[in-house]
Amino acid sequence: MAYTLDETDLQILKTLQKNAKLTTKELADAVHLTPTPVFERQKRLERQGYIKKYVAILDPDKLNQSLLVYCKVKMAQINNAIATAFARQIQRMPEVTECYNTSGSYDYLLKVRATDMKQYQEFVLNKLGVIENVASVESTFVMGEIKQEYALQL
């Protein structure tokens, strides 16, 4: 059964996007309700998949993973079996923090974190480059971060 979000649901989602560590009471105060209905709404939003999970956003510089690379991958050929095998292999690579199947000149866009250029080179040569049907890899190295926003516009 589809549920239409009302203004209170949207306020809860907006507030949690800013700070998911709020207690139920703090969240209730922020949306001007009592804790019980806010708790029930939050649980419903979780059950229905509006809230996928709660995470901590870490500082990659402090964790020695400051090299950020967007990697475009072109496959020599693509079909369901090849795409499934590629996705399975990418899922097992901790360096890849995001992977998207794209249209256009490349088949996949990867977001890769590494400690330095040498580690990235090893990743390309020994992990990505050995995947069957990978035809080419184009890397774009991030020199500076201008904006990083995780919240969706509601």
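When the C-alpha atoms of the stretch 56-95 are aligned to their principal axes, what extent does each axis show, in angstrom, from largest down?
Sorted largest first, the three principal extents are 40, 19, 13 Å.
For Asp29 and Asn64, FRET efficiency with R0 = 30 Å and r from the beta-carbon atoms, rounded to 0.05? Working shown, then result.
On the way: r = 39 Å, r/R0 = 1.30.
That pair, Asn64 with Asp29, gives E of 0.15.
Give me the distance in nm between label points sitting 7 Å out from Cα along the Cα-to-Cβ direction at Ala20 and Leu109, one decimal.
The modelled label-to-label distance comes out at 2.2 nm.
Might you tell me the accessible area per residue for the chain, computed with a 1.4 Å probe and given in Å²?
Values: 10900 Å² over 154 residues.
Result: 71 Å² of accessible area for each residue.
Under the rule of at least 5 residues apart or a separate chain, name every residue whose amide H is placed under 5 Å from the amide H of Ile51.
Residues meeting the amide H criterion: Glu46.
How high is the relative contact order of the stretch 73-154, in percent, with contacts defined as C-alpha pairs under 8 Å that are six or more residues apart? Don't skip to the end; give the middle numbers.
Details: 64 pairs, mean separation 30.8, N = 82.
That works out to 38 percent.
In sequence order, what are the phi-derived ³J(HN,Hα) couplings for the stretch 55-61 according to the Karplus relation 6.51 cos²θ - 1.76 cosθ + 1.60 with θ = phi - 60°, rounded to whole Hz, with x for glycine and proline?
My calculation for the stretch 55-61 gives 9, 9, 8, 9, 8, x, 5 Hz in order.
log₁₀ I(q)/I(0) of the stretch 34-154 at q = 0.12, 0.19, 0.23 Å⁻¹, via Debye over equal Cα point scatterers, no solvent, to two decimals?
Cα-only, vacuum Debye calculation for the stretch 34-154: -0.59, -1.09, -1.34.
Hey, any idea what % of the stretch 43-129's accessible area is carbon plus sulfur with a 1.4 Å probe?
On the way: 2940 of 5780 Å².
Of the solvent-accessible surface of the stretch 43-129, carbon and sulfur hold 51 percent.
Tell me, what is the 1.4 Å probe accessible area of Phe141, in Å² to the nearest 10?
80 Å²
For the chain, with the dipole built from +1 on Lys and Arg beta-carbon atoms and -1 on Asp and Glu ones, taken about the Cα centre, which of Thr84, Asn126, Ala114 lies farthest toward the positive end?
Thr84
Quick one: 3J(HN,Hα) in Hz for the stretch 33-41, Karplus 6.51/-1.76/1.60 with θ = phi - 60°, rounded, Gly and Pro as x.
9, 8, x, 4, x, 5, 4, 5, 5
Could you derive backbone 3J(HN,Hα) for the stretch 102-116 from the dihedral phi with the Karplus parameters 6.51, -1.76 and 1.60 (θ = phi - 60°), listing whole Hz in sequence and x where the residue is Gly or Pro?
10, 9, x, 5, 10, 8, 9, 10, 10, 9, 10, 10, 8, 6, 6
Need one value: the accessible area of Tyr50 in square angstrom, 1.4 angstrom probe, rounded to the nearest 10.
100 Å²
How charged is the neighbourhood of Gln148? Take every other residue with its Cβ under 12 Å from the Cβ of Gln148, and add Lys/Arg as +1 and Asp/Glu as -1.
Summing Lys and Arg as +1 and Asp and Glu as -1 gives -1.
If Lys and Arg each add +1 and Asp and Glu each add -1, what is the summed charge of the other residues whose beta carbon sits under 12 Å from the beta carbon of Gln48?
Taking every other residue near Gln48 into account, the sum is +3.
Specify whether the C-alpha gyration tensor of the stretch 16-56 places it in the rounded, prolate or oblate class, a ≥ b ≥ c being the square roots of the eigenvalues: rounded for a/c under 1.5, otherwise prolate if a/b is larger than b/c and oblate if not.
Taking the square roots of the gyration eigenvalues as a ≥ b ≥ c, the stretch 16-56 is oblate.
So if R0 is 22 Å, what FRET efficiency would Leu125 and Gln89 give, r being the distance between their Cβ atoms, rounded to the nearest 0.05?
0.90
Run lengths n ≥ 4 of DSSP H only: what is the helix-derived mean residue ellipticity at 222 nm for the chain, with -39500 (n - 2.57) per run over all residues, to the nearest 500?
-10000 deg cm²/dmol
The values are calculated or read from the model by the stated rules, or taken from the named source; none is laboratory data. Nothing here was measured: the structure is a model prediction, and the numbers come from that model. As a convention, Cβ positions derive from the backbone with ideal geometry for all residues, glycine included, and neighbour counts pool all protein chains shown. For the accessible areas, the whole protein counts, side chains as well, though only heavy atoms, and no ligand, DNA or RNA atoms are used. Shrake-Rupley method; radii C 1.70, N 1.55, O 1.52, S 1.80 Å.
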